[in-house]
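Worksheet: one structure, shown below.
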Amino acid sequence: MLNSRRVRVLLADDHVLVAAGLAKLLEDDFEVLGIRNDGREAVDAACQERPDVVVLDISMRNLNGLEAARQIKAARPETKIVFITVHADLAYVAAAFRGGASGYVLKGSASSELREAIYQALSGNRFLTPLISQEALDEVLSHPSQSLSLTPRQREILQLVAEGHSAKTIGYGLHISAKTVEFHKAEIMKKLKLHSVAALTRYAIEHGISA
């Protein structure tokens, strides 16, 4: 039972000083398992260490927090996800909750809201910072996102393409060939009815896939 031991929290943020500050903020109330500065490392650590809660930033190397959250929830549905980020745009907030998040906190209000978000998540509730309109978010969530039709691999590749990486670099990082990357990129364009890398980049940013 969670109430018979300290809640175990894993932090993932690619800003070292910010992550250290968050760890300090939480260590009196929770067992902080560690800090990961890379999205893929965060997924691996969540699967290996089995935290009760993962506190994620959105902007991270190799795999952004949104896709990391989806992969963590797919592997460990019982793990709660709380985002802490500078991104207040509704596209990011909607993508976070669609990906299985239980909480969304802005870094500017972290000290007063992060603990509350974690406790609400553990109680099965959803926490949204008061700085973001719940009504506006509900309106966005009422409309299905085209990106939900993309596979996890396609979302990864879309993020990396939007961040300006070449097919060769993406292939190296994902352990696939550049030709396979180009195939996925063509399939993404077909699904989204987009015809250029610039259009893909704009779409990824507007839909919270790339920060």
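Some values worked out for this structure:
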| item | result |
| --- | --- |
| Exclusive hit being hydrophobic (A, V, I, L, M, F, W, C), on the phi < 0 side of the Ramachandran plot and at pLDDT below 90, set A204, A167 | A204 |
| Residues of region 5-27 classified as of a type in the set (A, V, I, L, M, F, W, C) and assigned to a strand (DSSP E or B), total | 4 |
| Pair list, Cβ under 7 Å, 6 or more apart: region 38-49 residue farther than 10 Å from L10 by Cβ, other residue in a helix (DSSP H, G or I) | G39/G65; G39/E67; G39/A68; V43/A68; V43/Q71; V43/I72; C47/A75 |
| Wholly within region 79-164, helices (runs of 4 or more DSSP H) carrying at least 1 residues that are within 21 Å of A45 (Cα to Cα) | 90-98, 110-122, 152-162 |
| Residue within region 61-71 that is buried (at least 19 other Cβ atoms within 10 Å of the Cβ), of a type in the set (S, T, N, Q), closer than 23 Å to F30 by Cβ and out of contact with any Lys or Arg (no Cβ under 7 Å at 6 or more places or on another chain) present | yes |
| So V93, is it within 21 Å of V32 (Cα to Cα) and in contact with a helix residue (DSSP H, G or I) (Cβ under 7 Å, 6 or more places away or on another chain) | no |
| Which numbered condition S166 misses (of (1) under 19 Å from the mean Cα position of the chain (by Cα); (2) closer than 14 Å to N62 by Cα) | (1) |
| Residue that is in contact (Cβ under 8 Å) with a residue 40 or more places away in the chain, at negative phi and touching an Asp or Glu at 6+ places or on another chain (Cβ under 7 Å), where the choices are L56, L63, L26 | L63 |
| Flag if G103 is of a type outside the set (D, E), in contact with a helix residue (DSSP H, G or I) (Cβ under 6 Å, 6 or more places away or on another chain) and surrounded by 12 or more Cβ atoms within 10 Å (Cβ to Cβ) | yes |
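Yes or no, residue by residue, for (1) of a type in the set (D, E); (2) under 17 Å from K107 (Cβ atoms):
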{"site": "V16", "(1), (2)": "no, yes"}
{"site": "D28", "(1), (2)": "yes, no"}
{"site": "R40", "(1), (2)": "no, no"}
{"site": "S59", "(1), (2)": "no, yes"}
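Here is a yes/no grid of residues against (1) surrounded by fewer than 17 Cβ atoms within 10 Å (Cβ to Cβ); (2) closer than 27 Å to P77 by Cα; (3) of a type in the set (S, T, N, Q):
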residue: A88; (1), (2), (3): yes, yes, no
residue: K107; (1), (2), (3): no, yes, no
residue: A110; (1), (2), (3): no, yes, no
residue: A121; (1), (2), (3): no, yes, no
residue: Q154; (1), (2), (3): no, yes, yes
residue: K168; (1), (2), (3): yes, no, no
residue: S177; (1), (2), (3): yes, no, yes
residue: A186; (1), (2), (3): yes, no, no
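The values are calculated or read from the model by the stated rules, or taken from the named source; none is laboratory data. Since this is a predicted model, take the numbers as computed values, not measurements. Counting neighbours? That spans all protein chains shown, and the Cβs are built from the backbone with ideal geometry, glycine included.
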